[in-house]
Amino acid sequence: CFRSFSVRKVLAGEKDEAVLKILREKINKTNSKIVTGEWDALNLGSLADTSIDKIITDPPWGFYGAKGEDLRKFYEDMLREFTRVLKPNGRMMISDIVTEKDLPDEVRKSFPAWAECIGGALKKTDYLSAIKKAGFEKITIVSESTFSEPDLSEKIKGKIKNVQLIQTRTTCRPD
């Protein structure tokens, strides 16, 4: 994904030092600069409005879901914050898990489902709707595949999808 975009400077809000090390190695090959920070997907307050060209993310669902937060609200708030910092016509790439239908409550409340990032997955239609509502257009699904694990419950087999999307921010922010 990193190779898909031209880069001069990367702002990384990753807390995992091993991931940051790999990112630094890749960035050093491009003669770009990396700046790390303690950002939260819901509060990028230290970043100015319309200051970012591109966002690449794999949302931290488990972190928020484990705290008992409403994931639909989290997702809408996260996207609103991304819209705030992205420049007009800025792009965002998200790699995530979505569902075809609502998941049973027992799956939503299951710790193993949260550990596998399934418990917090939104329905694909809700996911796309939230992206549009936040002010993104030109939504392109780059890839989509059925999520599978050897011990996946029969109740959810075939209902979970891995998706990668690229969205472009509109020139004016939604209210």
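Checking each residue in region 72-102 for being at pLDDT below 85 and either over 29 Å from Glu149 (Cα atoms) or open to solvent by less than 60 Å² (accessible area, probe 1.4 Å) (or both) picks out Phe74, Tyr75. Filtering region 30-55 to residues that are basic (Lys, Arg) and either under 18 Å from the mean Cα position of the chain (by Cα) or at pLDDT 80 or above (or both) leaves only Lys54. Return only the number of the condition from (1) more than 15 Å from Thr83 (Cβ to Cβ); (2) among the acidic types (Asp, Glu); (3) not in a loop (DSSP other than H, G, I, E, B) that Asp102 does not satisfy. For Asp102, the failing item is (3).
Taking residues in region 86-104 that are at negative phi, and partners anywhere that are open to solvent by 40 Å² or more (accessible area, probe 1.4 Å) and of a type in the set (Asp, Glu), the pairs with Cβ atoms closer than 8 Å and at least 6 places apart or on different chains are Leu86/Asp53; Lys87/Asp53; Gly90/Asp53; Arg91/Asp53; Ile94/Asp58; Ser95/Asp58; Asp96/Asp58.
Taking the condition touching a Ser or Thr at 6+ places or on another chain (Cβ under 7 Å) and at pLDDT below 75, does Gly13 pass? The answer is no for Gly13.
Test Leu128 against the stated conditions and say whether it is under 13 Å from the mean Cα position of the chain (by Cα) and either open to solvent by less than 70 Å² (accessible area, probe 1.4 Å) or more than 30 Å from Ser46 (Cβ to Cβ) (or both). Considered against the rule, which asks whether it is under 13 Å from the mean Cα position of the chain (by Cα) and either open to solvent by less than 70 Å² (accessible area, probe 1.4 Å) or more than 30 Å from Ser46 (Cβ to Cβ) (or both), Leu128 comes out as yes.
The values are calculated or read from the model by the stated rules, or taken from the named source; none is laboratory data. Since this is a predicted model, take the numbers as computed values, not measurements. Using ideal geometry, Cβ is built from the backbone for each residue, glycine included, and neighbour counts are taken over all protein chains shown. Only protein heavy atoms, including side chains, enter the accessible area calculation; ligands, DNA and RNA are left aside. Shrake-Rupley method; radii C 1.70, N 1.55, O 1.52, S 1.80 Å.
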